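Peer 1: Just passing along the structure, written as structure tokens.
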Amino acid sequence: MSRNTILLTCSIVLNLLLFHSWYFHGQWEQSWTKSATAEAEFVASISCSGHGRAFLDGSILDGKPVCECNACYGGPHCSVFLPECIADADSGDPMFLEPFWLKHAASSTIVVPGWHRMSYEFNDDSLISKELDAQIRKLHAVIGNAVTDGRFIIFGVGATQLLHAAVHALSTTNHPSSPSRVVASTPYYPIYKEQTEFFNSEDYKFEGDTSLCNNNSGCKGNFIELVTSPNNPDGQLKKAVLQGPSAKTIHDFAYYWPHYTPIPALADENLMIFTLSKLTGHGGSRFGWAIIKDEAVHQRMLTYMNLSTYGVARETQLRVLKLLKVAVENEGKEMFNFGYQTMRNRWRKLSKTMSLSKRFSIQELKTQFCSFSEKVRGATPAYAWLKCVREEDKDCNAVLHSVNITGRHGSLFGAESRFARLSLVKSDDDFDLLLKRMGTLVSQENNNDGINKIMTHRDEFIGTK
């Protein structure tokens with residue numbers, strides 16, 4: 001055998017050994033994905049009777065995750081209805097989208113290895129995933145609800161953190177004797193007042209209803225107006241009230257999605273805030289973003305975010321990226337149509353029930369052309385803004401408590417106590433129970449009216465004798 005033949009044979013054998021080692025060792029190294037998938041699918045297969053869910057990080061009993069039941073259900077498999085429970089219509093927890101994500105489990109699932117992005121920063125020294133930034137811009141382009149070209153985008157731990165960062169960025173500094181005045185039009189989202197007062201800064205103070213200063217020539221100084229559109233709690237599309245060089249505006253567009261409202265036009269404001277929770281329903285991921293026109297404001301907000309939380313968790317950004325890719329599939333038609341149909345059905349059912357009542361009323365919302373669906377459609381609000389009409393019903397929440405419903409007190413929104421907010425975005429179980437209890441209230445009203453009419457007719461009959 002020649003020397004060249006021996007060298008060739010050795011080379012072939014060596015390459016075969018290297019291939020063998022790479023192939024089988026590599027296959028073994030990747031087996032962790034199979035075990036992670038098996039674990040997740042096992043937990044997902046646990047039956048909770050359609051009224052609850054088991055989770056990987058949930059409680060363990062006898063070595064097995066247990067069901068976490070929806071409100072008003074109990075038992076090991078959430079099969080027991082608890083008739084005396086409270087119908088919770090207070091929280092804005094957007095669980096109405098859970099069925100969509102159950103249907104799209106495969107396309108929305110991610111596996112996060114232990115070594116995933118352990119560093120504080122990305123390779124470009126930033127705290128923001130460039131791919132997620134691009135995906136957010138694509139999302140707004142597909143829906144047609146906000147301008148992103150030439151704008152800065154920053155991420156936050158939900159819209160709540162971004163709102164305060166924006167107030168901080170727009171406030172006057174080094175002027176403790178004349179802090180910026182934070183205002184919002186009644187009814188307004190309670191967190192505006194609560195958060196501003198909690199941080200108790202010398203740079204800004206909460207002043208209340210915008211109209212108090214808009215109509216008062218004595219109101220001087222710099223203003224920061226918070227505008228929610230569609231509004232929380234009444235679903236109305238809003239615009240800024242205050243104008244001029246001393247007025248700055250933060251636009252809270254948490255609900256400016258086709259689930260809840262027609263999209264009449266692209267929003268093109270200086271500072272716009274969005275949140276994942278009301279878009280996809282993933283409130284627990286705590287993710288929001290701000291779209292900012294002015295570079296100086298962007299830098300001040302960025303400084304605030306860096307000093308408070310130093311960015312958003314990499315695992316969160318990875319999950320959001322995956323979710324948004326699903327959201328824009330088929331030009332967004334599937335997810336947004338599911339959300340719209342669900343909210344439309346709920347609004348129609350509640351409106352039908354309330355139409356039978358003279359004791360209660362809910363807000364009226366206009367139909368508009370929606371550029372996303374390319375048709376005229378009505379609003380499908382996240383909340384019902386309930387008014388107790390009778391003079392004696394001064395506390396609407398107390399009236400609701402009489403049939404085991406808890407709403408959010410109207411006074412928290414700067415309105416009268418005869419108003420209450422009812423959440424329509426929770427799970428099917430929550431909404432069905434709310435609808436049933438509201439039906440009970442209306443039935444009681446009609447029965448009482450019938451009895452009063454009978455008593456009136458009886459008295460009139462007796463009086464004629």
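Peer 1: Report, in deg cm²/dmol and to the nearest 500, the calculated mean residue ellipticity at 222 nm for the chain, where each DSSP H run with n ≥ 4 adds -39500 (n - 2.57) and the sum is divided by the residue count.
Peer 2: Helix contribution divided over all residues of the chain: -13000 deg cm²/dmol.
Peer 1: Give the residue from MET301, ASN330, THR316 lying farthest towards the positive end of the charge dipole for segment 288-331; charges sit on Cβ (+1 for Lys and Arg, -1 for Asp and Glu) and the dipole is referred to the Cα centre.
Peer 2: THR316
Peer 1: Would you list, by chain and number, the lysines whose Cα falls below 18 Å from the Cα of LYS325, excluding same-chain residues fewer than 8 positions away?
Peer 2: Straight-distance partners of LYS325: LYS103, LYS130, LYS138, LYS278, LYS333.
Peer 1: Quick one: putting +1 on the C-beta of Lys and Arg, -1 on the C-beta of Asp and Glu, what dipole do you get for the chain around its Cα centre, in Debye to the nearest 20?
Peer 2: Computed charge dipole of the chain: roughly 940 debye.
Peer 1: With a 1.4 Å probe and every protein chain left in place, work out the accessible area per residue of segment 216-287 in Å², rounded to a whole number.
Peer 2: In whole numbers, segment 216-287 has 34 Å² accessible per residue.
Peer 1: Could you tell me the largest-minus-smallest coordinate of the C-alpha atoms of the chain on each of the three principal axes, in descending order and whole angstroms?
Peer 2: Extents along the principal axes, in whole Å: 134, 60, 44.
Peer 1: Amide H of PHE360: which non-local residues (sequence gap of 5 or more, or other chain) have their own amide H closer than 5 Å, using H built in the peptide plane?
Peer 2: Under 5 Å from the amide H of PHE360 lie the amide H atoms of VAL389, each far enough along the sequence or on another chain.
Peer 1: While we're here: Which far-off residues, 5 or more places away or on another chain, put their amide H under 5 Å from the one on ALA247, with H placed in the peptide plane?
Peer 2: PHE223
Peer 1: Calculate, axis by axis, the spread of Cα positions in segment 130-332 along the three principal axes, and write the results as whole Å, longest axis first.
Peer 2: Extents along the principal axes: 54, 36, 30 Å.
Peer 1: Given H placed on each backbone N at 1.01 Å, which residues far from THR380 in sequence or on other chains put an amide H within less than 5 Å of it?
Peer 2: HN-HN under 5 Å from THR380: THR261.
Peer 1: Which residues make up the longest stretch of the chain that has no chymotrypsin sites (Phe, Trp or Tyr not before Pro) in a DSSP loop with at most 10 other Cβ atoms within 10 Å?
Peer 2: 121-309
Peer 1: Please report the relative contact order for the chain, taking Cα pairs under 8 Å with a sequence separation of at least 6, and give it as a percent rounded to a whole number.
Peer 2: Relative contact order for the chain comes out at 18 percent.
Peer 1: Can you give me the span-like helices of the chain, meaning DSSP H runs with 24 Å or more of Cα extent along the axis and Kyte-Doolittle mean at or above -0.5?
Peer 2: 3-29
The values are calculated or read from the model by the stated rules, or taken from the named source; none is laboratory data. Computed from a predicted model, the values in this text were never measured in an experiment. Positions of Cβ are backbone-derived with ideal geometry, glycine not excepted, and every protein chain shown enters the neighbour counts. SASA here: full protein model, heavy atoms, side chains in, ligands and nucleic acids out. Shrake-Rupley method; radii C 1.70, N 1.55, O 1.52, S 1.80 Å.
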